[in-house]
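The structure appears right after this line, and notes come after that.
The values are calculated or read from the model by the stated rules, or taken from the named source; none is laboratory data. Note that this is a predicted model, so its numbers are computed, not measured. As a convention, Cβ positions derive from the backbone with ideal geometry for all residues, glycine included, and neighbour counts pool all protein chains shown. To get the accessible areas, we keep the full protein, side chains included, count just its heavy atoms, and leave off ligands, DNA and RNA. Shrake-Rupley method; radii C 1.70, N 1.55, O 1.52, S 1.80 Å.
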Amino acid sequence: MAWGCALCLALAGGALLALLVQLFRWLRADGDLTLLWAEWRGKKPENELRGKVVWVTGASSGIGEELAYQLSKIGALLAISARREDELERVKKKCLQISNLSEKDILVLRLDLTDRSSHEAATNSVLKHFGKIDVLVNNGGRSQRSLFVDTNLDVYSAIMELNYLGTISLTKHVLNHMIQRKKGKIVTVSSVMGIMGAPLASGYCASKHALQGFFNSLRTELTDYPDISIINICPGPVQSKIIENVFTENLAKSIENSGDQSHKMPTDRCVRLTLVSTANDLKEAWISDHPYLAVCYLWQYAPTWAWWLMNRMGKRRIQNFKSGVDADASYSRKKK
């Protein structure tokens, strides 16, 4: 009897210890626990992506630019696209400097996601150059900083045309090729705003929710193709130039002050976790520091609490924006 009680106590103690370890990991996490486990024990991007043909949109700056650099170091063959061809040439030049790739291993392909009539030809250009597309990274898009009551409806139309319709249009052409090969990966850079809602970004949130719904539905249509992976990446605030190019109240207006971005997650860390997610075929990955990571969990498992918290965080976000600092400045755990 005593032996049985001791065993029960030991099991209870072990379970409590495991729970405390997980809680400690979660408090220090910059990604969801499944993703961090994959980073520790899963497949390595260096092994899974070397020699693969990866097409990255929005590659002229921010996350897309850093993706090009890290993929080139790994040894992936690259097609890099954006509207600014001169910036893509700059990115290509640096990729060649930091990697063992040659000129023919990197294709610069100007692409406007809103020009859907050009997407089939663009896809054919990548296929003609490399003969295949192993991974499509849908990264192109723009964010938003404006209140709904102040914003023209044509801004919402433009956001959906670029972030949503442009993305699924390009995906359609690439997916046809992947279905023929019966393999491939479609990686879409969504956002934590595709999971939750936040002020100043109602149109952006809508476009990312649309992407989440679309790709989660598309995944269910591809059960006959188990080697085609649909991977949604949901970053929180990341250091990039995305704020400099956001939609505002009207299409002709740009943001006056993007504010200090140093408190956000470093771009290279976000990209590394994105590549880990890609290598391990994670269906969805949350990449963020707290408190946005915590809000993702609340939104998933306790939405009433999440709404309560976001109502309070939202007031501060609007105050920050109106005072000329970055909207998310007061949430970071990092010290300047």
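Taking only pairs six or more apart or across chains, which ones have beta-carbon atoms under 9 Å, a first residue in segment 98-109 that is free of Cβ contacts under 8 Å to residues at least 24 places away in the same chain and acidic (Asp, Glu), and a second residue that is in a strand (DSSP E or B) and open to solvent by less than 30 Å² (accessible area, probe 1.4 Å)?
Pairs found: none.
Read through the list (1) more than 23 Å from Met310 (Cα to Cα); (2) touching a Phe, Trp or Tyr at 6+ places or on another chain (Cβ under 6 Å), then give the number of the only condition that Leu175 fails.
Checking Leu175 against (1) more than 23 Å from Met310 (Cα to Cα); (2) touching a Phe, Trp or Tyr at 6+ places or on another chain (Cβ under 6 Å), the one that fails is (2).
So which of Ala59, Ala38, Ala76 is closer than 14 Å to Gly140 by Cβ and of a type outside the set (Val, Ile, Thr)? Give the steps one after another, and end with the answer.
On the way: Ala38 fails: closer than 14 Å to Gly140 by Cβ; Ala76 fails: closer than 14 Å to Gly140 by Cβ.
Result of the check over Ala59, Ala38, Ala76: Ala59.
Could you check segment 44-64 and list, in sequence order, the residues that are open to solvent by less than 30 Å² (accessible area, probe 1.4 Å) and part of a helix (DSSP H, G or I)?
Answer for segment 44-64, where residues must be open to solvent by less than 30 Å² (accessible area, probe 1.4 Å) and part of a helix (DSSP H, G or I): Pro45, Gly62, Ile63, Gly64.
Looking at segment 124-171, which of the residues that are hydrophobic (A, V, I, L, M, F, W, C) and free of Cβ contacts under 8 Å to residues at least 12 places away in the same chain is surrounded by the fewest Cβ atoms within 10 Å (Cβ to Cβ)?
This residue is Val149.
Go through the residues of segment 239-249 one by one and say whether even a single one is without any contact (Cβ under 8 Å) to a residue 60 or more places away in the chain, surrounded by fewer than 23 Cβ atoms within 10 Å (Cβ to Cβ) and not polar (S, T, N, Q). Lay out the reasoning, then the answer.
As a first pass, look at segment 239-249 and keep what is without any contact (Cβ under 8 Å) to a residue 60 or more places away in the chain: 239, 244.
Subset that is surrounded by fewer than 23 Cβ atoms within 10 Å (Cβ to Cβ): 239, 244.
Checking which are not polar (S, T, N, Q) leaves us with 244.
Yes, that holds for at least one residue.
Only one of Leu211, Leu218, Leu200 is part of a helix (DSSP H, G or I), hydrophobic (A, V, I, L, M, F, W, C), closer than 18 Å to Tyr156 by Cα and out of contact with any Leu (no Cβ under 6 Å at 6 or more places or on another chain). Can you tell me which?
On the way: Leu218 fails: closer than 18 Å to Tyr156 by Cα; Leu200 fails: part of a helix (DSSP H, G or I).
It is Leu211.
Please go through segment 41-88 and pick out each residue that is over 17 Å from Ala122 (Cα atoms) and acidic (Asp, Glu).
Across segment 41-88, the qualifying residues are Glu46, Glu48, Glu65, Glu66, Asp86, Glu87.
Go through segment 226-238 and give me each residue that's open to solvent by less than 60 Å² (accessible area, probe 1.4 Å) and either part of a helix (DSSP H, G or I) or farther than 18 Å from Gly166 by Cβ (or both). Steps first, answer last, please.
In the first step, residues of segment 226-238 are kept if they are open to solvent by less than 60 Å² (accessible area, probe 1.4 Å); the result is 228-238.
Within segment 226-238, Ile228, Ser229, Ile231, Cys234, Pro235, Gly236, Pro237, Val238 meet the criteria.
With the requirement that a residue be part of a helix (DSSP H, G or I) and among the hydrophobic types (A, V, I, L, M, F, W, C), what does segment 98-133 give you? Walk me through how you get there before you give the answer.
Of all residues in segment 98-133, those part of a helix (DSSP H, G or I) come to 98, 103-105, 116-130.
Result: Ile98, Ala121, Ala122, Val126, Leu127, Phe130.
Please go through segment 205-238 and give me each residue that is closer than 21 Å to His290 by Cβ, in contact with a Gly (Cβ under 9 Å, 6 or more places away or on another chain) and in contact (Cβ under 8 Å) with a residue 24 or more places away in the chain, ordered by number.
We begin by selecting, within segment 205-238, every residue closer than 21 Å to His290 by Cβ; these are 205, 208, 232-238.
If we keep only those that are in contact with a Gly (Cβ under 9 Å, 6 or more places away or on another chain) as well, we get 205, 208, 232, 234, 238.
Of everything in segment 205-238, those that are closer than 21 Å to His290 by Cβ, in contact with a Gly (Cβ under 9 Å, 6 or more places away or on another chain) and in contact (Cβ under 8 Å) with a residue 24 or more places away in the chain turn out to be Lys208, Asn232, Cys234, Val238.
Considering (1) in a helix (DSSP H, G or I); (2) open to solvent by 10 Å² or more (accessible area, probe 1.4 Å), say which one Asp281 fails and leave the rest.
It is condition (1) that Asp281 fails.
If you take the residues of segment 70-85 that are closer than 17 Å to Cys270 by Cα and more than 16 Å from the chain's Cα centre (by Cα), which of them is most open to solvent (accessible area, probe 1.4 Å)?
For segment 70-85, the residue satisfying everything is Lys73.
Please go through (1) closer than 30 Å to Leu175 by Cβ; (2) open to solvent by less than 30 Å² (accessible area, probe 1.4 Å) for Val295 and return the number of the only condition it doesn't satisfy.
Against the list (1) closer than 30 Å to Leu175 by Cβ; (2) open to solvent by less than 30 Å² (accessible area, probe 1.4 Å), Val295 comes up short only on (1).
Any chance you could count how many residues in segment 250-278 are open to solvent by less than 30 Å² (accessible area, probe 1.4 Å) and at pLDDT 90 or above?
Number of matching residues: 10.
Being in a helix (DSSP H, G or I), within 18 Å of Gly58 (Cα to Cα) and among the polar types (S, T, N, Q) narrows it down to one residue among Ser169, Ser157; which is it?
Ser169
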